[in-house]
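Report on the following structure.
The values are calculated or read from the model by the stated rules, or taken from the named source; none is laboratory data. All figures in this text were calculated on a predicted structure; none of them were measured in a lab. Note that we place each Cβ from the backbone using ideal geometry, even for glycine, and neighbour counts take in every protein chain shown.
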């Protein structure tokens, strides 16, 4: 396969200082990445403000928001923000929406974590209507609005919306209303196949084509001629996300035993570092880490499984500029 035909993206954590994020987005564009994604994790800088700064300092790279949720941002507010961002970027915006999680919403922000699927679906419907210039009045399971309408004209009446979802019901919804799925860190080839099959089944019932739904994924990528160094760098991140995901299809579809997952979960709850529990099989399965040849083969495996857009996501403690240069040198340029 030609790696030049693969649309690589890069993903940045919101905790970076703004000048650094601007510099990295410029670097991504120079190196030929097709998109840069700004993650909105609580409680870092807001994704829309950061993305706007990156948009104004680049000219061609797509700017992704990955992801916001329908609880802290009402869909009317999201429409205002994403519409303005699309004007600033001159039509380069991709919007990512997910449900967030109960801990952030209910325990920390004090916002009831209710009907996440309905909230996401209705949010997408409201956003699409407002961006298209419609007057929207939504009486749904979660949102109950009066008549609302944007008082400005967005750059595009239709902006691609990717859903950051994992489970079968949510994937079915993504196939019905989304333009793509943004898969989380820990995406493996077996999980890509699982998601692709869920999408394939769902589109049949709504008259859409499987090609209408693009699959993007955040990936932990670490490439070096020093194999051991590259693989050791991803261990803390993998340990963290094993704990965050817990016993979920994104992990279990690979055959990872539940008892192993629960060890990472317990370590996370106890605020302990479980990096020493990460073994070679876990690295091989859930990361793109090792020699250039190993990493090229891993990307090939993911693309052949059905992944459209691999996104090199920032690994805490590792230079993102170095990661982008590695991906460019050893994969994109191949």
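Brief remarks on what is shown
- Filtered by the rule that a residue be within 21 Å of the chain's Cα centre (by Cα) and buried (at least 17 other Cβ atoms within 10 Å of the Cβ), the stretch 278-292 gives 282, 283, 285, 286, 287, 288, 289.
- Filter result for residue 303 (more than 22 Å from residue 39 (Cβ to Cβ) and either touching a strand residue (DSSP E or B) at 6+ places or on another chain (Cβ under 8 Å) or not in a helix (DSSP H, G or I) (or both)): yes
- Complete set of residues in the stretch 81-109 that are closer than 22 Å to residue 41 by Cβ, buried (at least 19 other Cβ atoms within 10 Å of the Cβ) and either in contact with a strand residue (DSSP E or B) (Cβ under 8 Å, 6 or more places away or on another chain) or in contact (Cβ under 8 Å) with a residue 60 or more places away in the chain (or both): 82, 85, 89, 93, 94, 95, 96, 97, 98, 99
- Tally, over the stretch 4-46, of residues that are over 23 Å from residue 109 (Cβ atoms), modelled with pLDDT under 85 and in contact with a strand residue (DSSP E or B) (Cβ under 7 Å, 6 or more places away or on another chain): 0
- Boolean, residue 198 is surrounded by 15 or more Cβ atoms within 10 Å (Cβ to Cβ), touching a helix residue (DSSP H, G or I) at 6+ places or on another chain (Cβ under 8 Å) and free of Cβ contacts under 8 Å to residues at least 60 places away in the same chain: yes
- Restricting the stretch 70-121 to residues that are within 22 Å of residue 213 (Cα to Cα) and either more than 21 Å from the chain's Cα centre (by Cα) or assigned to a loop (DSSP other than H, G, I, E, B) (or both) leaves a set whose member that is modelled with the lowest pLDDT is 100.
- When the residues of the stretch 32-45 are filtered to those that are under 16 Å from the mean Cα position of the chain (by Cα) and in a loop (DSSP other than H, G, I, E, B), the one that is nearest to residue 312 (Cα to Cα) is 33.
- Screening residue 53 on (1) within 18 Å of the chain's Cα centre (by Cα); (2) closer than 19 Å to residue 28 by Cα; (3) assigned to a helix (DSSP H, G or I) shows it passes everything except condition (1).
- Any hit, the stretch 223-236, residues being within 17 Å of the chain's Cα centre (by Cα), crowded, with 16+ Cβ neighbours inside 10 Å, under 17 Å from residue 312 (Cβ atoms) and modelled with pLDDT of 95 or more: no
- Of the residues making up the stretch 2-31, those that are touching a residue at least 40 places away in the same chain (Cβ under 8 Å), within 16 Å of the chain's Cα centre (by Cα) and not in a strand (DSSP E or B) number 3.
- Selection count where residues are assigned to a helix (DSSP H, G or I) and closer than 9 Å to residue 75 by Cβ, scope the stretch 130-157: 1
- Scanning the stretch 56-67 for residues that are over 14 Å from the mean Cα position of the chain (by Cα) and either within 18 Å of residue 15 (Cα to Cα) or without any contact (Cβ under 8 Å) to a residue 12 or more places away in the chain (or both) yields a count of 0.
- For the stretch 176-191, the tally of residues that are buried (at least 23 other Cβ atoms within 10 Å of the Cβ) and more than 21 Å from residue 240 (Cα to Cα) stands at 2.
- Any hit, the stretch 311-321, residues being over 15 Å from residue 220 (Cβ atoms), without any contact (Cβ under 8 Å) to a residue 40 or more places away in the chain and out of contact with any strand residue (DSSP E or B) (no Cβ under 9 Å at 6 or more places or on another chain): no
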